[in-house]
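Since the structure comes first, as structure tokens, the remarks are kept for the end.
The values are calculated or read from the model by the stated rules, or taken from the named source; none is laboratory data. Quick caveat: nothing in here was measured; it's all calculated off a predicted structure. Heads up, the Cβs are rebuilt from the backbone with ideal geometry, glycines too, and the neighbour counts pull from every protein chain shown. In case anyone asks, the SASA skips ligands and DNA or RNA and just uses the protein heavy atoms, side chains included. Shrake-Rupley method; radii C 1.70, N 1.55, O 1.52, S 1.80 Å.
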Amino acid sequence: MTVLAYLIPISLILGGIGLGAFLWTLNANQYDDPQGNASRILRPDYDEHPKS
Amino acid sequence: MADTFHASPSACPACVAAPAAAALAERAAPKEARLMLSLPTAHCALCMTTVEQGLAKLPGVHDARVNLTLKRVAVAADPDVTAEDLIGALDRLGYEAHELDPGALGATATDKAGREYLMRLGVAGFAMMNIMLLSVAVWSGAEGATRELFQWISAAIALPTVVFSAQPFFRNALAALRAGRLGMDVPISLAILLATALSLYETAVGGGHTYFDAAVALTFFLLAGRYLDHRTRAVARSAAEELAALEVPRATKLVDGAEAVVPIAELGLGDLVRVRPGARLPADGVVIEGASELDRSLLTGESLPVWTGPGAPVSAGEVNLTGPLTVRVTAAGRDSSLHRMAELVAVAESARNRYTSLADRAARIYAPGVHILAFATFLVWLWLSAGNLHLALNIGVAVLIITCPCALGLAVPAVVTAASGRLFRQGLLIKDGTALERMAEVDTVVFDKTGTLTLGAPEPVDLASHTAADVALAAALAASSSHPLARALAAAAAAAGVAPAAVEELHELPGYGVEGWHQGRRVRLGRADWVGVQPLAMTATYLDRGQGAPEPFAFIDHLRPGAAEAVAGLKAQGLAIRLISGDGAAAVAELAGRLGIADWTAGALPAEKAAAVAELARQGRRVLMVGDGLNDTAALTAAHVSVSPASALDAARVASDIVLLGQDLAPIAVATGVARKAVRRIKENFGVSALYNLVAVPLAMIGIATPLMAALAMSASSITVSLNALRLR
């Protein structure tokens, strides 16, 4: 059962990274226009030079 | 802010440095103008590309970015680019656009409260998943040290999460308790706190059931409901705020012959006010100098401009059309007719606040019920187990957790979000959370005429019946005036491909018409009495060719697109339709006939409109009022639920629950259908959560509920309720 000593911290750290990523996207205004972004990704305009 | 404020030059030397003027000048001269337009008809990737590229091509425009979710476009451009240019360009691309106030937008662009909810939701979600993983191990039979370790880790995750994420509930519960009420938040807070405390105790002594997962899952699901609720309201509020015209309440006051821009509130009795063509009258008064025509449609619903000259009384809210006027103020602020109208609104408003939403009604039954049930269970078990406090408390808390209103908290917001999302795509903005519920109860629809069923913009009828020479002559005269009839005539002639005739020495006589010389004859376009004929019974302007009888050009106020569909659709749903207008009987009768509305009233004053709506309410009818003018405002507020078009006056939009973003009126008929479906879904959702409780609560009360059952009941009911709401989309 010693494997738990590794697995539990790993799972918590991975989850924490996910949470951190979520908080970052939240602070970077990435949820302001979900519908527009869903359409924008299909456009070829920004393929070479992504626009924020 | 203060520095730039002082550094900014005043817009005009004659302006006394009033704060409003200085602020305006500052706003007008930034290095790069940030403009915000509402695009009610944009809906797809193609719209986005067309609008962005179309705007970027315009000279002076640096960048354009469409927000498809909010149906807005943000434009960065040179300071000399105006919203009118952009609106014109978008119109040519086939998109309807309205200007939004960038100042109001700054406050709402970053929705702080919404972001806070999302952050708490994210933390709760993270904690819930991790605790759930650990809990599954415990439920599937982890024993001894492993079980204890897992429970301690769960506690370590759950405690900070509850402290951080459940704060909104604690705050609301505290506020409710202070006010002596039992809201939904009191049982929620109690369940979360007791579940955490009990679990902590069980973890410390070892061996018992822990409910950390339940406490955190409860927080997560309820936060999701709160967030949806908040977002619906925030989107509506910000859009409605921004729709408000960029109209600063100012007046141009004459002080010793010099013009000064002052806030309307500072106007006093006897002040002289200058009103330019196109401006709205700031106060009631008497015309001292100048002649013009007034558009009273927003105030009274009259579609014909009214002539005014020295000695004529004028009211605040009327729009001056042709010539500059100097007005002596006879009533300002509190006494003006505008303010009296506002008082009518306030009276009606207080009557409306009595509506209790379905969620409130559910909470009223639910909150005391849960507490009594949990407490009774606790007492009974205390008695049965002969004073085993630990056991009784355990079972009491289990009841509290299982009854906790996860599904109930989601039942209303999930449905309202789905329904308002669907209506938003149709061009309807729900401003009030309970508007959908009230809309579903409607059995009578009252329409206003001018500006609501019609566009409020006259267009010439049957240009082809006039000779080409007459049209060319009229077009030439009309082109030099900014009167709405003249502008409409010039535009129609241009659209028909008629080149204006050569007319010299054009000049406009404010309040009368335009005069000029054509082939040696004096020609006139204007009022009937001015060109010397009897006026027709309809809106018309008259052309005097300098020979023969003057030729009338008749105008008609076109139906708003979708008006016929809306009326037909509402009728098909079995609703009674009434038309109450302040306009003359002939115009109202004609329109009522065209739309097939049998029940109509003409010449109604604002107070009479409100009284008519109130009378209907007294008869037990639920009235949906659709109107746009200041004269409708009181009626809009008195009605059970109200709709106004985006072109409506500010006050009317504020007073109404639902705003029509586009020109089209047809979505109203759709909205009543969606509203009824939404209420059905909400009631189904209440049924679903009651059903889960009906199964789970007896188990909890006889003491055989486990944390696994609580988790299953909670998740299953929340997901069922959300899926049911999604059926509306």
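Among the residues examined, B:ILE682 qualifies as in contact (Cβ under 8 Å) with a residue 12 or more places away in the chain and not assigned by TED's automatic domain parsing to the domain that holds B:SER581. Restricted to helices (runs of 4 or more DSSP H) entirely inside segment B:479-595, those with at least 3 residues that are open to solvent by 40 Å² or more (accessible area, probe 1.4 Å) are B:484-495, B:563-572, B:585-595.
The residues of segment B:312-332 that are modelled with pLDDT of 75 or more, outside any strand (DSSP E or B) and under 18 Å from B:LEU269 (Cβ atoms), listed by number, are B:SER315, B:ALA316. Only one entry of B:ALA464, B:ALA469 meets the criterion of being out of contact with any helix residue (DSSP H, G or I) (no Cβ under 8 Å at 6 or more places or on another chain), assigned to a helix (DSSP H, G or I) and at pLDDT below 80, and that entry is B:ALA464. A single entry from B:PRO168, B:PRO187 fulfils the requirement of being away from every other protein chain (no Cβ under 14 Å), at pLDDT below 85 and buried (at least 18 other Cβ atoms within 10 Å of the Cβ): B:PRO187.
Just so you know, in segment B:145-165 the residues that are closer than 15 Å to B:GLY208 by Cβ and not charged (D, E, K, R) include one that is most open to solvent (accessible area, probe 1.4 Å), and it is B:TRP152. Each residue in segment A:6-16 was checked for being open to solvent by less than 70 Å² (accessible area, probe 1.4 Å) and of a type in the set (A, V, I, L, M, F, W, C), and 2 pass. Mind listing just one residue for me: the one in segment B:87-102 that is part of a helix (DSSP H, G or I) and under 17 Å from B:LEU70 (Cβ atoms) and, of those, modelled with the lowest pLDDT? So the residue we want is B:PRO102.
Restricted to segment B:663-704, and to residues there that are over 25 Å from B:VAL399 (Cβ atoms) and outside any helix (DSSP H, G or I), the residue that is least open to solvent (accessible area, probe 1.4 Å) is B:LEU665.
When each of B:VAL248, B:VAL275, B:VAL261, B:VAL345 is tested for being at pLDDT 75 or above and either of a type in the set (A, V, I, L, M, F, W, C) or in the same structural domain as B:ALA586 (by TED's automatic domain parsing) (or both), the lone residue that passes is B:VAL275. Among the conditions (1) at pLDDT 85 or above; (2) surrounded by fewer than 22 Cβ atoms within 10 Å (Cβ to Cβ); (3) within 14 Å of chain A (Cβ to nearest Cβ), B:ALA142 misses just one, which is (1).
Please specify each residue of segment A:9-36 satisfying the condition of being outside any helix (DSSP H, G or I) and either facing chain B (nearest Cβ under 7 Å) or not aliphatic (A, V, I, L, M) (or both). Those that are outside any helix (DSSP H, G or I) and either facing chain B (nearest Cβ under 7 Å) or not aliphatic (A, V, I, L, M) (or both): A:ASN29, A:GLN30, A:TYR31, A:ASP32, A:ASP33. Scanning segment B:32-78 for residues that are out of contact with any strand residue (DSSP E or B) (no Cβ under 6 Å at 6 or more places or on another chain), free of Cβ contacts under 8 Å to residues at least 60 places away in the same chain and within 13 Å of another protein chain (Cβ to nearest Cβ) returns B:ALA42, B:CYS44, B:ALA45, B:LEU46, B:CYS47, B:THR49, B:THR50, B:GLN53, B:ASN67, B:LEU68, B:THR69.
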